[in-house]
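Comments concern the structure below.
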Amino acid sequence: MNTFTEENYLKAIYHLSIQSESVSTNQIAGSLSTKAASVTDMLKKLAEKELINYTKYQGVTLTPAGEKIALSIIRKHRLWEYFLVEKLNFKWDEVHDVAEELEHISSRELVDRLDEFMGHPKYDPHGDPIPDRHGKFKAHELKPVSSLGVDSVGIISGVREHSAAFLQYLEKMQLIIGKKIKITEINTYDHSVILAVDGNKVHISREVANNLLAAL
């Protein structure tokens, strides 16, 4: 058995490894809001359990065993988020912290039954893919809205930023998963973007456009 902290480290390393093959101690410390010295101690423990490959000053990678655990935690987190939104009527900005607690439930049977009960959803409320019981998943081919040109049309299908404030802003602007958007104008001064959504014009900043993902 692994502790909750160990599981959180493995999950953080997995997410960081999507951006770079080898993950640094400072990256992990930043992701988990902890000190580099504490990270080093934990990495040694995970290496002893053969869950990571770790050489000081050379970065960290997950072993197959470590990746399996990380994907299991991510699977549970995203399934619980889906359940909370679809079955208990939580809003998409309210579920992350609750799912952070529920993701550490160890019963595989419970998680498999939860998956079956909900019809094996492929994506969570934020558009992130849900791994199956074998750790396999199909990711969207998504692009940030900031990378699209004028007259581009797409469907909002994910977000890069998961903070409650950002999700609340998107909901207020009606920029939620499944909405069809069209880029009607890009401001050359500040690169802000004007979208056509449901027949209305919506003006968003470049930062928002960079964190909003669309499928074309």
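Among the residues of region 143-173, how many are within 18 Å of the chain's Cα centre (by Cα) and crowded, with 19+ Cβ neighbours inside 10 Å?
7
Could you check region 166-184 and list, in sequence order, the residues that are without any contact (Cβ under 8 Å) to a residue 40 or more places away in the chain, touching a helix residue (DSSP H, G or I) at 6+ places or on another chain (Cβ under 9 Å) and in a helix (DSSP H, G or I)?
Across region 166-184, the qualifying residue is only Tyr169.
Going residue by residue through region 207-215, is there one that turns out to be touching a helix residue (DSSP H, G or I) at 6+ places or on another chain (Cβ under 6 Å), outside any strand (DSSP E or B) and either at pLDDT 95 or above or not small (Gly, Ala, Ser) (or both)? Can you show your working first?
Looking only at region 207-215, we keep the residues that are touching a helix residue (DSSP H, G or I) at 6+ places or on another chain (Cβ under 6 Å), and these are 209-210, 212, 214.
Subset that is outside any strand (DSSP E or B): 209-210.
Cutting the leftovers down to either at pLDDT 95 or above or not small (Gly, Ala, Ser) (or both) gives us 209-210.
Taking every residue of region 207-215 in turn, at least one turns out to be touching a helix residue (DSSP H, G or I) at 6+ places or on another chain (Cβ under 6 Å), outside any strand (DSSP E or B) and either at pLDDT 95 or above or not small (Gly, Ala, Ser) (or both).
Which residues, counting only those in region 104-127, are assigned to a loop (DSSP other than H, G, I, E, B) and without any contact (Cβ under 8 Å) to a residue 40 or more places away in the chain?
Residues satisfying the conditions are Ile105, Ser107, Met118, Gly119, His120, Lys122.
Of the residues that sit in region 185-206 and are in contact (Cβ under 8 Å) with a residue 12 or more places away in the chain and in a loop (DSSP other than H, G, I, E, B), which one is nearest to Pro125 (Cα to Cα)?
By that ranking, first place goes to Asp198.
Do we have Asn53 as modelled with pLDDT under 95, surrounded by 13 or more Cβ atoms within 10 Å (Cβ to Cβ) and not in a helix (DSSP H, G or I) here?
Details: modelled with pLDDT under 95: no; surrounded by 13 or more Cβ atoms within 10 Å (Cβ to Cβ): yes; not in a helix (DSSP H, G or I): yes.
Considered against the rule, which asks whether it is modelled with pLDDT under 95, surrounded by 13 or more Cβ atoms within 10 Å (Cβ to Cβ) and not in a helix (DSSP H, G or I), Asn53 comes out as no.
Could you look through region 72-102, keep only residues that are at negative phi, part of a loop (DSSP other than H, G, I, E, B) and without any contact (Cβ under 8 Å) to a residue 60 or more places away in the chain, and pick out the one that is surrounded by the most Cβ atoms within 10 Å (Cβ to Cβ)?
Within region 72-102, the subset at negative phi is 72-88, 90-102.
Right, trim to part of a loop (DSSP other than H, G, I, E, B) and you get 87-88, 90-95.
Next cut, without any contact (Cβ under 8 Å) to a residue 60 or more places away in the chain only: 87-88, 90, 95.
Details: Lys87: 11, Leu88: 10, Phe90: 16, Val95: 26.
Result: Val95.
The values are calculated or read from the model by the stated rules, or taken from the named source; none is laboratory data. Since we're looking at a predicted model, the values are computed, not measured. Counting neighbours? That spans all protein chains shown, and the Cβs are built from the backbone with ideal geometry, glycine included.
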